[in-house]
Amino acid sequence: MANAPGESAVLFDQPGPKSRRIIRIVNWSAAIVFAIALVLVLLRLYNPPDGENQLSWELWKPALDGEAWSDFYLPGLWMTLRATILAVIGSVVFGLAFGIGRLLPNVVIRSIAGVIVEFCRAVPVLMFMIFFWRFFAFLGVEGEAYWAVVVSLVLYNGSVVAELVRSGVGNLPNGQREASLALGLTHTQSLMEIEVPQAVFAMLPAAVTQLVVVLKDTALGSIIMYTDLLQESRRLGSMYFNILQTLAVAAVVYFVFCWLLSRLAEWLPKRMQQRTAAAVEHETVAPIAIMDPSNVNQIAVAREMKQRPYGGAPRRYHVHHRGSNASIREWRRTRYMQGYDETHPESQRDFQKEKEAWPFFKDNGKDKPRNGDSGSTHNQ
Amino acid sequence: MDGFVQLFSDYNIPAAFLVNIELTLWSALFSTVLGVILVMMRISPITSLHKVAGIYVEFFKNMPLTIIMVFMVLGAYAQLKLSFSDTFATNFFWLAVTGLSLYTAAFVCESLRSGINTVPLGQAEAARALGLNFWQAATQIILPQAVRGSVAPLGNTFIALLKNSTVAAAASVATETSSLMSEMIEYHADLIVPIFLIFAFGYVILIIPIGMLTTYLSNRLAVRR
């Protein structure tokens, strides 16, 4: 809802007296419709067909009293948080290792890291959990459900963090890399000492949003009999036949924790922008998979158009490459696919000309003039 | 190797994937409809619609899908007696579709909204300066660009939906892939790694084309600004 004023500014004129009246009428009638819907839901809860009154205190009391909290919800919550915390630490380590691995100059390391990351992003977390649960049980690992939850979440969320690291590095202004190479650092040194530390600050808000995903996904553990908050609330509910009520309590607890994390993720970008030359990723894209493009580049370009920090002068860095497909090696090739760079209008690629210059498309016998070596790929 | 081949004749693995694909397609349909309604409510100047859509999105974004699925079966079906069919399998399938659709609609709404955010303010100002009224500006200038901008996040949402369809196991859909994998591992413990790889690569194969299509479409439809 933070963007609401901006959106209405895009879409609507300031309403006049007539439209204000219409808006008021529609507003109240919609509010009444929602109120009626709410009453209908409550009536259904109060008097379900051949069932008992779900609003009665007899059902809510065992779901809310001290014993329920001390014996079920709090131990369950502790199990959930324990798995979350370890999974978060693990995913950050995994993500940094593989994210940097995907950016290293060595082709072998780069491709192995790439294959592992893409595989882990494509396989559903529940599949990982079931597999590791059985696998650890065969190996005789103590607490196999716990480790299955942790390892699965590390693999999936770690690969998402790896992509965030990669896109964070891709979003840095190219001058950062050029400057460090000019100072005599090697590619790897520039990556490790200049680019990745800045990328980490740029990706932090998006990574905090990913924490919400980790916390939500621990609930999958209840399917493999991990005694987390959801599993405990189901157990309590089956004791007193008030599963609806216990699930509602568990849902509220999950919501509160996730909501707090989401607010933290919204607050962070303001703090982090001071520490990096890259654009901090405010927009967090939903869980992603193979070859995801993201529209953060377009959002960022749209935003840059109106924000001129130096009083009208266009910003002096390229808008090439944002999003998790960014790769610092290919910025020359991809930048024009990603958006028009208004600071370098002369370097816009002419795809039609390139197509003609490309040998496969050339007619036999005709000698068409070649436009350099495939456009502006190498002559910058 | 014999055991590996035997797996394919003993279990109908493609049928399990088909159940997941069906779950995905139905949920994609319903969540798109609901998501479009939500985003229209959310960008409207009418406060009550705006607030309700905001609460809906915030609620489902911060709620584990598993708890929604469990609620569909143990709460909505067992306690509130909401059911779609007398056949257990059909009933659970549609309960799972309902849960997935309600959950995914929030993310569809967010994807479409981020598409609207990509349209620069100047576009609306220019449209107004040309004398277009609200409806003309919305349908001819802003929404076409917004839809193009939301291709990529929508693709991501549907990829996530396909992966989330395995959570239907929590809603007692016993024929989908994660349940089948669990069952196969139980009876063929010695082949646990090959079984996992069959299903894992099944998903990789399903997801790569969607990802490539999304990348292609979002580059093809990108508005060059």
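Derivation of every value follows stated rules applied to the coordinates shown; laboratory data play no part. What you see is a predicted model, and the numbers here were worked out from it, not measured in a lab. So basically every Cβ, Gly included, is an ideal-geometry build from the backbone, and we count neighbours across all protein chains shown.
Quick look at the values:
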{"item": "Trypsin sites (Lys or Arg not before Pro) within the range A:129-209, DSSP loop, no more than 13 other Cβ atoms inside 10 Å", "result": "none"}
{"item": "Out-of-range pairs (alpha-carbon distance over 29 Å; input A:K270/B:K163; A:K61/B:K163; A:K270/B:K61)", "result": "A:K270/B:K163; A:K61/B:K163"}
{"item": "Whole-number percent relative contact order across chain B, with pairs defined as alpha carbons under 8 Å at least 6 apart", "result": "27"}
{"item": "Candidates per GluC sites (Glu not before Pro) in the range A:134-177, loop by DSSP, up to 12 other Cβ within 10 Å", "result": "A:E142"}
{"item": "Among B:N62, B:N91, B:N164: highest mean-square fluctuation, GNM of chain B, C-alpha pairs under 10 Å", "result": "B:N62"}
{"item": "Loop-located trypsin sites (Lys or Arg not before Pro) in the range B:1-82 whose Cβ has at most 12 other Cβ within 10 Å (DSSP)", "result": "B:K81"}
{"item": "Max mean-square fluctuation residue, GNM over chain B, Cα-Cα springs under 10 Å, options B:G155, B:G75, B:G54", "result": "B:G75"}
{"item": "Note, ³J(HN,Hα) from phi for the range A:115-127, Karplus 6.51, -1.76, 1.60, rounded to Hz, x at Gly and Pro", "result": "5, 5, 5, 5, 5, 5, 7, 8, 7, x, 4, 4, 4"}
{"item": "Per-residue ³J(HN,Hα) for the range A:139-147, Karplus 6.51 cos²θ - 1.76 cosθ + 1.60, θ = phi - 60°, Hz, x for Gly and Pro", "result": "6, x, 6, 5, x, 5, 5, 4, 5"}
{"item": "Karplus (6.51, -1.76, 1.60) ³J(HN,Hα), θ = phi - 60°, over the range A:204-219, in Hz, Gly and Pro reported as x", "result": "4, x, 5, 5, 5, 4, 5, 4, 4, 5, 4, 4, 5, 6, 4, 5"}
